[in-house]
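Comments concern the structure below.
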Amino acid sequence: MALKGRLEDFGITQLLNLINLARKTGTLYLEGAQKNSYLCFREGKLIYAALEGVDDSLPVILQRANVFTAEQVRMIQTNMAGRTDRDVAQVLITSGRLQQQVVVKSVRDAILDLVYQIFSWHEGQFRFEPSKLPVQGKITTSIALENVIMEGSRRVKEWERLQDELPDLDIPLKFAERPTTPLRDVNLSVEEWRVISFVSPSNTIRQIAQFNNMSELQIRKIVYSLLQAGLVEIIRPPRPTTTPTGGRQVPEGMPQPTAAQMQRPAVKRGIVQKLISRIREL
């Protein structure tokens, strides 16, 4: 018999604790406020997870892990259309194009990334189906729930803090004309450079995240660190103006291109040019 309930009454942490302590095998189906998800367990271990709207095919997972480029993924999908993830992995490993440990790590990281996003869900429905495992053809792993629960709880607190610091993602960024951090002290990660390269008044933070396949937690952490370093600034929307008759007129918003339409700014100015020049001098 399936266990059912509301996330408002029985949260994600409590559900995972129950599955862990009871060493349950089955699938936990979650209906969130905006998305659905499911988590698969075998004897209390997390073996798979999927989130609605997120492509969980192996080639795409490997692309997100920067193992393959988008063009390589398209070739794999074309040449191996209709094959399961297990078949794709076997072909790539046998041909020497991929190592088994890379597949395992990429899948494990992708699963954990999804699960950590779910920790922030506080509303919705859940249903646990014992012994049901919809993972045929998928590459599974085995992850102890104790560490997942601890890390997930830590990230929830971090998520709540970042939401307070950066509540709106539908706003653009611009480069600071006078960065507060000396350029000799700037040391950006690959992910930060990916975000920096799309900073433009026409690109919102959410669109930058979508283009780079970043979660809301990832983009908030990166943008917050760039803001703290004084490298970028938020472009605040203009305030409503007053019409000649005394009424309030709401200014029209800026065009909102989709992630697929986004492009890097044609000319990089200000801090980006200075950063590139600084790196060339090193």
**Report entry** Reachable lysines, given that their alpha-carbon falls under 27 Å from the alpha-carbon of Lys4 and they are not under 8 places away in the same chain
**Finding:** Lys24, Lys35, Lys45, Lys132, Lys138, Lys157
**Report entry** Computed label-point distance, nm, for sites Arg97 and Ile171 using a 7 Å Cα→Cβ extension
**Finding:** 4.5
**Report entry** Contour minus Cα-Cα distance for Arg155 and Gln125 (0.36 nm per residue)
**Finding:** 8.6 nm
Report summary line: The simple spin-label model distance between Met80 and Lys4, using points 7 Å out along Cα→Cβ, in nm, is 3.9
**Report entry** Inter-centroid distance (Cα atoms) of region 115-163 relative to region 192-212, Å
**Finding:** 27
**Report entry** Förster radius 22 Å - calculated FRET efficiency between Ser142 and Asn17, Cβ distance, rounded to 0.05
**Finding:** 0.75
Report summary line: Along the dipole axis of region 5-111 (charges at Cβ: +1 for Lys and Arg, -1 for Asp and Glu; origin at the Cα centre), the most positive-end residue among Val54, Ala70, Val104 is Val104
Query - Rg/Rh for region 3-160, where both radii come from Cα atoms and Rh is the Kirkwood radius - result: 0.99
Report summary line: In nanometres, the difference between 0.36 nm per residue of separation and the alpha-carbon distance of Arg108 and Val190 is 27.5 nm
Requested in this report: Subtract the Cα-Cα distance of Asp55 and Gln90 from 0.36 nm times their separation in residues, and report this length gain in nm to one decimal.
Outcome: 10.6 nm
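Laboratory data are not the source of any read-out in this text; all were calculated from the coordinates shown. Quick caveat, the model's predicted, so the values are computed rather than measured. All Cβ positions, even for glycine, are placed from backbone atoms using ideal geometry, and neighbour counts span all protein chains on display.
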